[in-house]
Amino acid sequence: MKIAVIAVQGAFREHIQALRQLGVDAVEARRASDLENADGVVLPGGESTAIGKLMREYDMIDPVREMAAQGKPIFGTCAGMIVLANRIEGEQTVHLGLMDVTVNRNSFGRQRDSFEADLDIPVLGEAAFPAVFIRAPHIAAVGDQVEVLARYQDRIVAVRQGNLLATSFHPELTGDLRLHQYFLNISNKSVAK
Amino acid sequence: MSKVGTDLVKRGMAEMQKGGVIMDVVNAEQAKIAEAAGAVAVMALERVPSDIRKAGGVARMADPTIIEEVMKAVSIPVMAKCRIGHIVEARILEAMGVDYIDESEVLTPADDKFHVDKTKFTVPFVCGAKDLGEALRRIGEGASMIRTKGEPGTGNIIEAVTHQRMMQAQIRRVQGMSEDELYAEAKNIGAPLHLLKEVHDTGRLPVVNFAAGGVATPADAALMMELGSDGVFVGSGIFKSENPEKFARAIVQATTHYQDYELLAELSKNLGGAMEGIDIATLRAEERMATRGW
């Protein structure tokens, strides 16, 4: 299985390491041609304005939308979640606009308010998930098709909509591979189709 | 239940900046230009380094009004500089909610012996370094991000290249050492032993390592990425060029696509004049900023 990690900016190296530990062929994607033959896409943490802009300028928006339409899994973390959302509070800009959610950017405050916390994510089993939130967004509203996977202090911080997965926090930084494995399980189903 | 200001949170913030460009700005208008060009953060200053050079005298933390103006203008992170060893300037910046503090040799040092104890702060710090020992000393004091010092405000890349090459060469050398050689090496380069061991085991600095101090063109930014930098700071290089919007956009793209040479050629076309440069050899010893700090 080949997963393209959007590598225009941000923590793409960590996602690639996590995916390789799970035996996946993970590749860096900086332009549209890097997405060819990929079975799924990861949108890493970083700055959403920079990532969105560079994806637009290098024609990666439509190819990723097509892959999503084909049922291929897409996973966005932090900035990646903002790039996936179809509504961003207080902004006109939408990047991929694939997920039926409204995100609130930097909703937990500035960097001094960034934090670590143990999260309860029922689909991953009983053990708490170590989550790190860095100038993190949260999801303010979700559409009917969206399944809420986790909340932190009443704010939605992890969601799934069919083949689309998004988290406010950074599973690529904490070494717990369960979310990446969960993402790959979505991939396996779509590849099997 | 939740923990703020941990190493993971502070270093993680720098991880998110990788592959990006951090731009010096002196007002809201410049900050918006930087954000629109795809900068991952801005550094709010009263003067860019080349103007600090020209002005002479003592350079201090910027007026908080300027920093607040920039924080209101953009949604990307805002960094600001305090003087080396100036604990109170650092505390003021933290209290204002600045996202990252640069304890910077661009400003006139406040202490000729001690840097700020950065482990005591919730806000993360970036510090300059010329070599591995200096980088590990700063990380030992709690820096969550390192950048080369280069020679700020010169538009001349040679010092940043020298510092990054030195750091990478020392990392490779340490990686090849036997464990019993690390004790003497820690003493020789003045680095905390536990951090040196980490470099030996992982082959990289424990934190993100950016380039700074002399980046003036898209090719300069790409060169620093080629030499192993995780990202680039651009000080005077953007807003002292003839066309800041074009330079900002081209430097952002050159940093992402640093090995795509045909694209770099396109990005370098018709940019207009880069900032005026200074030959390092013409600087007097006291004019060199890279030698500030220990």
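The values are calculated or read from the model by the stated rules, or taken from the named source; none is laboratory data. Values in this document were obtained by computation on a predicted structure and should not be read as measured data. All Cβ positions, glycine included, derive from the backbone under ideal geometry; neighbour counts span all protein chains shown. All accessible areas refer to the heavy atoms of the entire protein, side chains included, with ligands and DNA or RNA removed. Shrake-Rupley method; radii C 1.70, N 1.55, O 1.52, S 1.80 Å.
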Convex hull of Cα atoms in the protein assembly as shown, direction-averaged projection (nm²): 22.4
Find which of B:Gly19, B:Gly38, B:Ser50 sits farthest along the positive direction of the dipole of segment B:5-55, computed with +1 on the beta-carbon of Lys and Arg, -1 on that of Asp and Glu, about the Cα centre. B:Ser50
Sort B:Phe114, B:Phe121 by accessible area with a 1.4 Å probe, largest first. B:Phe114, B:Phe121
How about segment B:70-89: which of its residues lose at least 20 Å² of accessible area in the presence of all protein chains relative to their chain isolated, using a 1.4 Å probe? B:Met71, B:Ser75, B:Ile76, B:Pro77
Report, in deg cm²/dmol and to the nearest 500, the calculated mean residue ellipticity at 222 nm for chain B, where each DSSP H run with n ≥ 4 adds -39500 (n - 2.57) and the sum is divided by the residue count. -12000 deg cm²/dmol
Could you tell me what percent of the DSSP beta bridges with both partners in segment A:2-192 are antiparallel, to the nearest 5? 50
Which residues belonging to segment B:5-22 lose at least 50 Å² of 1.4 Å-probe accessible area when the assembly is complete, relative to their chain isolated? B:Leu8, B:Val9, B:Met16, B:Lys18
How large, in percent, is the carbon and sulfur part of the accessible surface of segment B:7-270 at a probe radius of 1.4 Å? 51
With a cut-off of 8 Å between alpha carbons and a minimum separation of six or more residues, what is the relative contact order of chain A in percent? 19
The local net charge around B:Ala143, scoring Lys/Arg +1 and Asp/Glu -1 for residues other than B:Ala143 whose Cβ lies under 12 Å from its Cβ, equals 0
Ignoring ligands, DNA and RNA, how much accessible area is buried between chains A and B, both sides summed, with a 1.4 Å probe, to the nearest 100 Å²? 3200
What value, in deg cm²/dmol to 500, does the helix sum -39500 (n - 2.57) over DSSP H runs of n ≥ 4 give at 222 nm once divided by the residues of chain A? -7500 deg cm²/dmol
So in the protein assembly as shown, what percent of DSSP beta bridges are antiparallel if you round to the nearest 5? 30
Could you list which residues have their amide H under 5 Å from that of A:Ala140, counting only those 5 or more apart in sequence or on another chain, with H placed in the peptide plane? A:Thr102, A:Val103, A:Asn104
Once the dipole of chain B is set up with Lys and Arg at +1 and Asp and Glu at -1 on Cβ about the Cα centre, which of B:Thr202, B:Pro109, B:Gly214 lies farthest towards its positive end? B:Pro109
Hey, what's the Cα Rg ratio for chain B versus the globular rule of thumb, 2.2 N^0.38 Å? 0.95
Assign unit charges at the C-beta atoms only (+1 for Lys and Arg, -1 for Asp and Glu), then state the dipole size of chain B relative to its Cα centre in Debye, rounded to the nearest 20. 320
For segment A:75-118, what ratio Rg/Rh do Cα atoms give with a Kirkwood hydrodynamic radius? 1.02
Over segment B:1-156, the quotient of the Cα radius of gyration and 2.2 N^0.38 Å is 0.98
Probe radius 1.4 Å, ligands and nucleic acids ignored: give me the carbon and sulfur share of the accessible area of segment A:39-123 as a rounded percent. 41
Need the per-residue list for segment A:9-50: every residue with at least 40 Å² less accessible surface in the complex of protein chains than in the chain by itself, probe 1.4 Å, sorted by number. A:Gln9, A:Arg13, A:Arg30, A:Arg31, A:Glu47, A:Thr49
Evaluate the relative contact order of segment B:77-165 (contact order divided by residue number), counting alpha-carbon pairs under 8 angstrom at least 6 apart; express in whole percent. 23
Name the helices (complete DSSP H segments) of chain B with a Cα length along the long axis of 24 Å or more and a Kyte-Doolittle mean of at least -1.0, or state none. B:158-175
Per segment B:148-294, sqrt(5λ) over the Cα gyration tensor eigenvalues, sorted largest first, in Å, gives 32, 19, 10
Spread of Cα-to-Cα distances over 5 Å intervals beginning at zero, given as percent, for chain A: 1, 8, 19, 23, 23, 16, 8, 2, 0, 0
Please tell me which of these pairs span more than 19 angstrom C-alpha to C-alpha: A:Lys53/B:Lys240; B:Lys246/B:Lys269; B:Lys130/B:Lys187; B:Lys81/B:Lys197; B:Lys54/B:Lys240? A:Lys53/B:Lys240; B:Lys81/B:Lys197
With charges only on Cβ, +1 for K and R and -1 for D and E, what is the dipole size of the protein assembly as shown about its Cα centre, in debye, rounded to 20? 180
Heavy-atom accessible area per residue, the protein assembly as shown, 1.4 Å probe: how many Å²? 38
Summing Lys, Arg as +1 and Asp, Glu as -1, what charge do residues with Cβ under 9 Å from the Cβ of B:Asp102 carry, B:Asp102 excluded? +1
Could you give the dipole magnitude of segment B:246-289 about its Cα centre, charging the beta-carbon of Lys and Arg +1 and that of Asp and Glu -1, in debye to the nearest 20? 140
Please state the relative contact order of chain B as a whole percent: Cα pairs under 8 Å, 6+ residues apart? 19
If amide H atoms are built 1.01 Å from N in the plane of the peptide, which residues on other chains or at least 5 residues away come under 5 Å of the amide H of A:Phe169? A:Cys78
